[in-house]
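Here is the structure we will look at, set down as structure tokens.
The values are calculated or read from the model by the stated rules, or taken from the named source; none is laboratory data. Predicted model only: the values in this text are computed from it and were never measured. As a convention, Cβ positions derive from the backbone with ideal geometry for all residues, glycine included, and neighbour counts pool all protein chains shown. The protein model used for the area step is the full one, side chains on, heavy atoms only, and it has no ligands, DNA or RNA in it. Shrake-Rupley method; radii C 1.70, N 1.55, O 1.52, S 1.80 Å.
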Amino acid sequence: MRIVVDLTRCQGYAQCVFLAPEVFQLHGEEGLLYSSAVPDDQLERVRQAAAACPVQAILLGEEVSARGR
Amino acid sequence: MAGDRRDGRIVIVGASLAGLRAAEALREEGFTGSLTVVGDEPYPPYDRPPLSKQVLLGHVAADTTGLPMRRDPDADWRLGVRATGLDPVDKRVVLAEGESLPYDRLLVATGTRARPWPNPREAALDGVFTLRTRDDAAGLAERLAAGPQRVLVIGGGFTGSEIASACRERGLEVTVTERGPAPLVGALGGTLSKLAAAMHRNNGVDLRCGVTVTALRGDGNGRLTGADLSDGSRVEADVCVAALGAVRNVEWLAEAGLAAGPRGLACDAGCRAFDMYGIVTDDVFVAGDVSRFPHPLFEYQLLSLEHWGNAVAQAEVAAHNMVSAGPLRRPHLALPTFWSTQFGLNIKAVGVPTLSDHVVIAQGSLEERRVVMVYGYRGRVTAAVTVDMAKSLPYYQHLIETAAPFPPVPGAADRPIAAEIPVPSDVPDPKGLSHGPTVALTGHLPDRRLTVVQPTS
């Protein structure tokens, strides 16, 4: 699974950093860095982080698997 | 014919953020026809902002930033295939191999590419990079991990500043050259650029402003050894990143008769492309960095943006309008917004800071490194920039959307405006900068300098 955070929307509440610290880290006071690729053992934590985000900035989903050519 | 806009053949050229979000939105809007997405990179859509941050810091690998889907758009992905031409009469996209894809409606989302170092022989030296793609980031991250003696970053825009920040965080020696008076001055104006320069220097960057790189030097094995600067000095460096801004990917439209040029493909507020005569098409749509669109809050000037959020918002509007009949169409009116994380500071902006004559510090202070800067133009609020005060930004967004008077009255602040006196916004002419603007007003205002496109410098 992959995540992307809409950092236009993010206001640095950092709920995700508390809930899934292996995936989300603060860089300074409110800059957010994260790992786009979510390991399986972090999935549940990331789901909680996405649900808890006050501005609903976290999208979790499958990557495009290119078919055809 | 009008009733079956949810059927037929749609081709999207561009398989990055805008292309993916448009493809998803088309299905959400009920499009049931065939959907083909063409992308010149061999990878599924991936996120670019982490490439200059997490990836260069070594936190994540460049090949792990694939974008999640909101839903499977059930598209035929033609990846690693370049579109080379467009026949708008026969309604076909020509691909590099000579094949052509027929369409009923087309979305152009070909974005931008990094402006290369202008001297091809110097650009080919081992150790010289640009940063735009996943492959660029993988190569640069590998080189940074190997511990170079010094990294030279040419251009003090957002990308150049983020690269310098990542290098310093990795403990690498960095020199940044910027033709203008300070980093970020082209995007944020004079006052915040002084903070940016201080952040560079406080973090140990060797910042050289008001200079240009006149030549890159290599050894007998074709390896970069350094650069000559316009002030006569020389920088020894084994890695160089040319962060000179972006070039719109419009060359494939050269023979298409559309209003495509160095600033992008012009379209109406409904994302419909104009042809070369300024007549709006109804089957060619545009979204993302390659577009150039009018915005009522900014004097209906055509805006060229290189913003993540604009790619998403415009792709959704374009998709809606591609499957909707005339009166049901929507305008793309989202305010420009962007962010940058560098030297531990979170910089966010809303509106168009370059459309300004004065600025005022509304909250915080430069000394605290926590500040809200509000930009005004002819007595109305046109933009706001926060440094580590992102929670305040929506308030100022509201002021921009309602054309509130400048300087603003205290509102989000629990005290009077921090600095009562507006000072000139001091946005320089983009011609004097190393990097291109990430926001460009490309219309005409008699009292404003016009953005002049220089294909090479």
Given 10 °C, 1.306 mPa s and a Kirkwood radius over Cα pairs, the Stokes-Einstein diffusion coefficient of region B:129-178 in µm²/s is 146 µm²/s
Among GluC sites (Glu not before Pro) in region B:19-66, those in a DSSP loop whose Cβ has at most 11 other Cβ atoms within 10 Å are none
Relative contact order of chain B (C-alpha contacts under 8 Å, at least 6 apart) in percent is 15 percent
Given the candidates B:Val374, B:Gly127, B:Gly80, the one whose Cα lies deepest towards the positive end of the charge dipole of chain B, counting +1 at each Lys or Arg C-beta and -1 at each Asp or Glu C-beta, is B:Val374
Among residues of region A:1-48, a drop of 50 Å² or more in 1.4 Å probe accessible area, assembly relative to the chain on its own, occurs for A:Arg2, A:Val4, A:Leu7, A:Thr8, A:Gln11, A:His27, A:Glu30, A:Leu33, A:Tyr34, A:Ser36
Sorting B:Asp219, B:Asp231 on solvent-accessible surface, 1.4 Å probe, most exposed first, gives B:Asp231, B:Asp219
Taking every DSSP bridge whose two residues both lie in region B:116-244, the antiparallel percent to the nearest 5 is 35 percent
By the Cα gyration tensor axes a ≥ b ≥ c (a/c under 1.5 gives rounded; else a/b larger than b/c gives prolate, otherwise oblate), the shape of the protein assembly as shown is rounded
Over its alpha-carbon atoms, chain B yields an Rg and a Dmax in Å of 22.2, 67
Carbon and sulfur atoms account, in whole percent of the 1.4 Å probe accessible area of region B:116-244, for 45 percent
Expressed to one decimal in nm², the mean projection of the alpha carbon convex hull of region B:166-214 is 3.5 nm²
dims of region A:2-61, Cα set, principal axes, largest to smallest, nearest Å -> 28, 19, 16
Per-residue accessible area, 1.4 Å probe, largest first, puts B:Asp206, A:Asp41 in the order A:Asp41, B:Asp206
Taking chymotrypsin sites (Phe, Trp or Tyr not before Pro) in a DSSP loop with at most 15 other Cβ atoms within 10 angstrom as exposed, one finds the longest site-free stretch of chain B at B:1-276
Tilt, helix A:43-52 to longest principal axis of chain A (alpha-carbon atoms), in degrees rounded to tens, equals 50 degrees
Among beta bridges assigned by DSSP with both residues in the protein assembly as shown, the antiparallel ones amount in percent, to the nearest 5, to 65 percent
For region A:4-69, the percent of accessible surface on carbon and sulfur atoms (probe 1.4 angstrom, ligands and nucleic acids excluded) is 49 percent
Counting only DSSP beta bridges fully inside chain B, the antiparallel percentage to nearest 5 is 65 percent
For region B:219-367, one quarter of the surface area of the C-alpha convex hull, expressed in nm², comes to 15.0 nm²
Taking a probe of 1.4 Å and leaving out DNA, RNA and ligands, the protein assembly as shown shows per residue an accessible area in Å² of 39 Å²
In debye to the nearest 20, the charge dipole size for the protein assembly as shown, taken about the Cα centre with +1 at each Lys and Arg Cβ and -1 at each Asp and Glu Cβ, equals 620 debye
Proximal lysine pairs in chain B, meaning Cα under 27 Å and 8 or more positions apart or interchain, come to 8
Answer in debye to the nearest 20: the dipole magnitude of region B:116-244 about its Cα centre, from +1 Lys/Arg and -1 Asp/Glu charges placed on Cβ, is 240 debye
For chain B, the dipole about the Cα centre with charges only on Cβ (Lys and Arg +1, Asp and Glu -1), to the nearest 20 debye, works out at 700 debye
Interface A-B: total buried accessible area (1.4 Å probe, Å², nearest 100) of 3000 Å²
Using a 1.4 Å probe on heavy atoms of the protein chains only, the accessible area for B:Glu99 in Å², nearest 10, reads 70 Å²
In short, region B:322-350 residues buried by 20 Å² or more of accessible area relative to the isolated chain (1.4 Å probe) are B:Thr337, B:Trp339, B:Thr341, B:Gly344, B:Asn346, B:Lys348
Placing +1 on each Lys and Arg Cβ and -1 on each Asp and Glu Cβ in the protein assembly as shown, then taking the dipole about the Cα centre, the residue among B:Met276, A:Val64, A:Gly31 whose Cα reaches farthest towards the positive end is B:Met276
For region B:24-90 the trypsin sites (Lys or Arg not before Pro) that pass both the DSSP coil test and the at-most-12 other-Cβ-within-10 Å test are B:Arg71
